[in-house]
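The structure appears right after this line, and notes come after that.
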Amino acid sequence: MAQTPTVYRWDDPGAPQVVNGNYSELINIIDKCLVTGYGSKQPLGWIKELDETLACSYKNKGSGHSVVFSSASGVNDDKGVRVQSARNVFDADNLERAGYKQAFKVFPDKNTAWVIIGTTKAFYCFFCYAGSYQMPSTLYQAGLFVGDLSNAITGDSSKFIAVCSFISEDLDLSSGSAGTNYGSNIMFLNDRQYDGYNTPIHIYDTDGAEHFGKYIPTLIKDTVKKPTPETESIPVNYLEPILLIHQDYGSSLDRDSKPVFESKTRPALRGQLPGLFTSLIGHPLRLIWPAIVNYGNEFLILKSVDGASNRLLINTEVWDD
């Protein structure tokens, strides 16, 4: 059944703000969107499990799996927040069926204009620079997805993932600077097809076994990095959902030696990142974050990095289940 997502923004009345960019401050923002609400905004209804000084976890109301956030440095500072999925959380260091551990970072007075959009089953979280999509073109921004994939195979018990990027399995941001360390975000999908950033994430087999396959996102083929339109009105565009497919679906075998394109435990197509689309034509750089475009439904245009056209869009009205 389709779900209607809720959009939370840093400029909402009563919204929490980024001041220092430390761990507790960033978790407070996520906590208010997922669990407690703020101002007139109701929370998404996730369940808080682990609640420690430097680590916490949240369970969704779909698959019932969890995401764990923890301080990247082990203290309450601005060195980044680690992100990891898990089937079950016993404590911060004892996770069942843990996913890759990644991280995101927020720099005070820089990428502090946050937006969270989500449902009871999944959410996206972004920390971007306020202002136009043109500035900055190569500086650090943060963006991540947490939750259940949509349109997954019936009975998939491992469709819950947490991913900050498809660039690296484990990102250490503690020494990164705003001017150089800009890769840890899902917005880098704008560049992946040009520059080869295609590190997969691992997703456990559909029956919950400890075995897993490696999956990468699909993107529209034969697009060009530039030019970017100069007008706000694009007469025609093409949108395509972003799917996760097995990295070697044409040749790999599942744990029972069955080709993955025939497998029910490690299927070639794992599901869709809910509400997330890529477009053939990018969007004008002079738009102001967070900009909305209408393609039948309203879509949030995500900021790109490294000068790529802004092709990534999130449907703000309806997500497939």
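What to note about this one:
- The chain: projected area of the alpha-carbon convex hull, averaged over directions, in nm²: 15.5 nm²
- Of the whole protein surface, Leu276 contributes about 0 Å² of accessible area at a 1.4 Å probe radius.
- When a 1.4 Å probe is rolled over the protein heavy atoms, the share of accessible surface on the range 227-301 that falls to carbon and sulfur comes to 55 percent.
- Among the listed pairs Lys101/Lys303; Lys32/Lys59; Lys32/Lys61; Lys79/Lys159; Lys61/Lys214, those with a Cα-Cα distance over 21 Å are Lys101/Lys303; Lys79/Lys159; Lys61/Lys214.
- For the pair Ser132 and Thr36 in one chain, pulling the backbone fully straight at 0.36 nm per residue adds 31.5 nm over the alpha carbon distance.
- The gain in end-to-end length when the Thr154 to Thr199 segment is fully stretched comes to 13.6 nm, 0.36 nm per residue minus the alpha carbon separation.
- Selection from Ile117, Ile47, Ser66, by position along the positive dipole direction of the range 22-138 (Cβ): Ile117
- For the range 1-149, carbon and sulfur atoms together expose 46% of the accessible surface, with a 1.4 angstrom probe and every protein chain in place.
- Gyration tensor analysis over the Cα atoms of the range 1-104 returns equivalent ellipsoid semi-axes of 22, 20, 10 Å (largest first, whole Å).
- Potential lengthening between Phe90 and Asp207 on full extension [0.36 nm per residue; Cα-Cα distance subtracted]: 40.0 nm
- For the range 258-270, putting each phi into the Karplus relation 6.51 cos²θ - 1.76 cosθ + 1.60 with θ = phi - 60° gives couplings of 9, x, 5, 6, 10, 7, 9, 8, 9, x, 4, 9, 9 Hz, in residue order, rounded to whole numbers and with x for Gly and Pro.
- For the pair Asp12 and Ser252, a Förster radius of 56 Å applied to the C-beta separation gives a FRET efficiency near 0.80, rounded to the nearest 0.05.
- Taking every protein chain into account, the accessible area of the chain amounts to 40 square angstrom per residue (probe 1.4 Å).
- Calculated mean residue ellipticity at 222 nm for the chain: -1500 deg cm²/dmol, from DSSP H runs with n ≥ 4 weighted as -39500 (n - 2.57), summed, divided by the residue count and rounded to 500.
- In the context of the full protein assembly, Tyr238 retains an accessible surface of approximately 110 Å², using a probe radius of 1.4 Å and ignoring ligands and nucleic acids.
The values are calculated or read from the model by the stated rules, or taken from the named source; none is laboratory data. A quick note: this is a predicted structure, and the numbers were derived from the prediction, not measured. Backbone-built Cβ (ideal geometry, glycine too); neighbour counts: all protein chains shown. What goes into the accessible areas is simple: the full protein's heavy atoms, side chains included, and nothing from ligands, DNA or RNA. Shrake-Rupley method; radii C 1.70, N 1.55, O 1.52, S 1.80 Å.
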